[in-house]
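The block underneath contains the structure these notes are about, expressed in C-alpha cells.
What follows draws every value from the coordinates through simple rules; no lab data is involved. None of these values were measured; they are calculated from a predicted model. Cβ: placed from backbone, ideal geometry, glycine included. Neighbour counts: every protein chain shown.
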Amino acid sequence: MITLYAFKWVPDFAQGLVRDLRVRWALEEAGIPYGTKLLGQDDKDASAYRSIQPWGQVPVIEEDGLVLFESAAIVQYLADRSEALSPRDPVGRAKVAQWLFAAMNSVEPHVANLANLDLFHAKEEWAKARRPGQEAFTRMKLSSLARRLDGREWLENRFTAADLLMVTVLRILRHTDIVTSDPVLGPYLARGEARPAFHRALAAQLAPFRENAPEMVPA
C-alpha cells in the first residue's frame, strides 16, 4: 500500500492548500488505497525525513521501496498507472504531460508569487509597490489559460490529472476573486471542486488538522 506523508497541522490560511491534497485527490480518482504518516514540525526537519525530502516539505509517498517527492511527480506517477487520470495511448498521455508541466511552470509560479505577497508581506511597502504589477502579470497568464478553456469542460477531451493539478493551482488564489469572478475559470474551478473524489481528498486532509489543532492560549 502507498504511504503518504502529510502534516499533522498547518495554520488556517494553508488548510486545503497543502500539496498533499493533489496526491490524495489523484489516489481517490484512481481508486488506489493509501495510508498516511503525519509529520509534526520537528519531524519535517529530522535528518531521516530530510534524507527522503531535502526541503522538509510534503508530500512524499513510499510504495514497495520506491520513495517519491514533489506533488506533480507523484501525480504523474499515479497517472501513468491509472486510466482514470490519463489516457493509455501515447499521444493522449503526452497531451496530459504537456498540461501537467504547464500547470507547474506556466501558471503556478505567477499565482504563487501573488499569493505570497498577499499572505506573507501585505503590510510591507515593497510588497505594496510590487503587487499591482504582479497581479497584472498573473492575470495575463490566467487569461491565456481561459482562452484554452473557453468552450471546453476540461483541458483535453475529459478530466485528467492535468485538470487536477491546474485546479489545485487556481485554488491558491481563493483569498481573492481573480479566479472565481472569471466567466471561464470560475466555472472550471467549480467543476473540479465538485468532483466526489476532490471532496473525499479535502476531507481527508482537513481531518487531522482539526484533531491536532493547538490549544488556544487565553488572552
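A compact table of results
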read-out	value
Correct option for log10 I(q)/I(0) by the Debye sum over Cα atoms at q = 0.10, 0.16 Å⁻¹ [calculated from the coordinates] among (i) -0.50, -1.04; (ii) -0.47, -1.18; (iii) -0.59, -1.16	(ii)
Mean projection area, nm², convex hull over Cα of the stretch 1-74	4.9
Net charge dipole size for the chain [Lys, Arg +1 and Asp, Glu -1 on Cβ; Debye, nearest 20]	500
Most positive-pole-ward Cα, GLY40, TYR77, SER143, against dipole of the chain from beta carbon charges	SER143
Projected label distance in nm at TRP126 and GLU63, using a 7 Å step from Cα toward the beta-carbon	4.2
